[in-house]
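Report on one structure; see the data block that follows.
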Amino acid sequence: MSEKNNPAKTVETPENSDVSRRELFKKTAIAGTIAAAGAVSTTIAASNVESGGLSDALDEFFQKHYQEMSKEEMQKAIARLERKAKEKHGKEIHIGNTPPLEGVLFGYALNISKCKGYRKCVDACVAENNQNRDTTIQYIRVLELENESMNFEEADHYYDRETVPHTGKKYFPIQCQQCENPPCVTACPVEATWKEADGITVIDYNWCIGCRYCAAACPYWARKFNWSEPSIPEEKINPETHYLSNRPRMRGVMEKCTFCLQRTRKGKLPACLEACPTGARVFGNILDPKSEIRYVLENKKVFRLKEELNTEPKFWYYSD
Amino acid sequence: MSTNKITFYSVRYAVAFCAIFFFAFSFSNSSLSIGQEVEEVVENKTETDAEEESEEEDEESDDEEEEDDEAMPWDDEDDEEIKVFKFPQSTEFLPNFPIFKVKYAGFPEFKIKGRLRSSEYFLCSECHDGVELKPRPIIRELRKEHTNINLDHIKQEHGTEKFWCTTCHDTSRPDYLVGLKKQSIHFDQSFLLCGQCHSQNQKDWLFGAHGKRTGNWNGERTILLCTECHSPHSPALEPASPNPPPPPRQGQILVKSVHPEGPRKTWDKFIYSKQH
Ligand code: SF4
Ligand code: SF4
């Protein structure tokens, strides 16, 4: 498990990864399938090497876990996924694979006395992360609470007001808290979700079996399930994606906020922060003592949600 | 910062040299040509140092002849481009104002993404030109071009009868703001002005707990100026309509709380329809 926590290493040194039992099993399975499929399908597979089809389907079925793929396998898989995405969405989509940055642990802080409940972050997130527009999967939930209360049982995230902030209410956005000790990872029976070196909990959508254990385990309602085949209007697709983040998903897999790692690993700010009209959000590297987030952590009264659960979220709330 | 200073001084000497040159050889020329020359120098400078596009230029030698034709950053009024400049600016641009005298040390360096966002009537000096405004001890009505200004900032309890236009606007240099110690403050450095009262916010802004960073989370830090979000005359953010709420999940329905002001809950559609 420890070596798994550094996928970059695993990916870059394929010769180190010895052939596991699972791999052997898979290889025999490939052979078995092809043999069973008979001469006809083998010829189909051979003729479709370039254009996809059966060979793609087989490749997809036997695609390895993200952390166990070698560099070449990764490239092949990404090329195939890009091809498929183009077929499905009619648009060129780039699936990146930027590894975590050295010496970076992402943290987020949110000033709840500044948040006014405009929900601009919610829509920016949906646009950035290619969520299904039919069922309106939203990673960010803006809770409306009584001003004096912290009772989340009484929170309403379906508030529909003429104008916000409504008198006597406060607003409290929640999203994946990128727990340092994530219960969702422990819950997953197939290790389809794990914590990256920069502290982001990610999901390999091709490895996820859709059991939804993780959603039940997450105390912050952060995980969202694709109940139906995601549909996004072509013009609304964001073509800049990452394998572990906002690449097009399929039906029956789990997804969640990744602090926009397709952006943040390239130095950009998360889409929700950029969209926030009140400047309530602060993002940065908590290992950098000069960063803004460290100032907030050291000088503001910060708290985290459900601290008693020992999940150690890397998402802090503070107020002026 | 040091390169900033070097470029500034070199430009200053170049400007001074050109001025001397012109005075010597074409003293009889109208002040307009001098002004043009100054502008040219400024252009040259921006070409050589493209990064500091909007570095302002202000003549130290405020000759009366030159005053009309000072090369100002806002000369080109059609220029909608956002002005980005490195901080601290040249000391010359803040006459009699010790550069960056804020109480807090150790905040990370930053660039300001500010803009001379003002009424359509800016430059102020086009109307209030050269004539020193005499502050009068009575509170007056806003007139003429100023009627559409929302003055909530000074109408609040803490502001009433305590400050007025000239508390922040310089009477002798109308294109500048003025601090409590009568120091001129450039519009793109309004945080020095706001921080006089809102020091906690200023501190948080300098360190990054207030305000908004743009572009990146590491590397060069560019932050928005106070007036990008707050109208200086009515700084509180105004209520706005939120984006639409998410629909309840399939098979569920939103129902009213039994409490009159309570939050709505999601309920199973099927069960709800049987109950009602
Ligand atoms: S907030 Fe939920 S989904 Fe995110 S890391 Fe923690 S447990 Fe996992
Ligand atoms: S839904 Fe996917 S990620 Fe979540 S526990 Fe099941 S397999 Fe793991």
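Given H placed 1.01 Å from N in the peptide plane, which residues other than close sequence neighbours of residue A:253 have an amide H under 5 Å from its amide H?
Here the answer is A:226, since their amide H atoms fall under 5 Å of that of residue A:253.
Applying the Karplus parametrisation 6.51 cos²θ - 1.76 cosθ + 1.60 with θ = phi - 60° to the phi angles of the range A:167-184, what ³J(HN,Hα) value in whole Hz is obtained for each residue in order, glycine and proline being reported as x?
With coefficients 6.51, -1.76 and 1.60, one gets 4, x, 10, 10, 10, 9, x, 10, 8, 4, 8, 6, 4, 6, 10, x, x, 5 Hz.
Using the structure shown, select from A:71/A:91; A:116/A:169; A:301/B:203; A:114/A:306 the pairs with a Cα to Cα distance greater than 18 angstrom.
A:71/A:91; A:114/A:306
Run the simple label-point estimate for residue A:320 and residue B:152 please: 7 Å along Cα→C-beta, distance reported in nm.
So the two model labels end up 1.3 nm from each other.
Rank by packing, highest mean first: peptides B:181-194, A:171-184, with packing defined as the count of other Cβ atoms within 10 Å averaged across residues.
The densest-packed peptide leads the list: A:171-184, B:181-194.
Could you give me the ³J(HN,Hα) list for the range B:191-203, computed from phi with Karplus coefficients 6.51, -1.76, 1.60 and θ = phi - 60°, whole Hz, x at Gly and Pro?
So the J values, rounded to whole Hz, are 4, 5, 6, 4, x, 5, 9, 9, 5, 5, 5, 4, 4.
Tell me which residues come under 5 Å, amide H to amide H, from residue B:113 once H is placed; ignore anything under 5 positions away on its chain.
Those qualifying (amide H under 5 Å, at least 5 residues apart or on another chain) are B:223, B:224, B:225.
Could you go through the range A:218-233 in sequence order and give the Karplus-derived ³J(HN,Hα) for each residue, using 6.51 cos²θ - 1.76 cosθ + 1.60 with θ = phi - 60°, rounded to whole Hz, and x for Gly and Pro?
Working through the residues one at a time gives 6, x, 10, 6, 8, 8, 10, 10, 7, 6, 10, 4, x, 10, 10, x Hz.
Among the listed pairs A:120/A:170; A:195/A:256; A:195/B:212, which are separated by more than 18 Å between their Cα atoms?
In this structure, A:195/B:212 lie more than 18 Å apart at Cα.
Testing the spin-label approximation: label points 7 Å from Cα along Cα→Cβ at residue A:191 and residue B:222. State their distance in nm.
Calculated label separation equals 4.3 nm.
Every read-out reported here was derived from the displayed coordinates using simple, explicitly stated rules and does not represent laboratory data. Note that the coordinates shown come from a computational prediction; the quantities given were computed from them, not determined experimentally. Neighbour counts run over all protein chains shown; Cβ positions are idealised from the backbone, glycine included.
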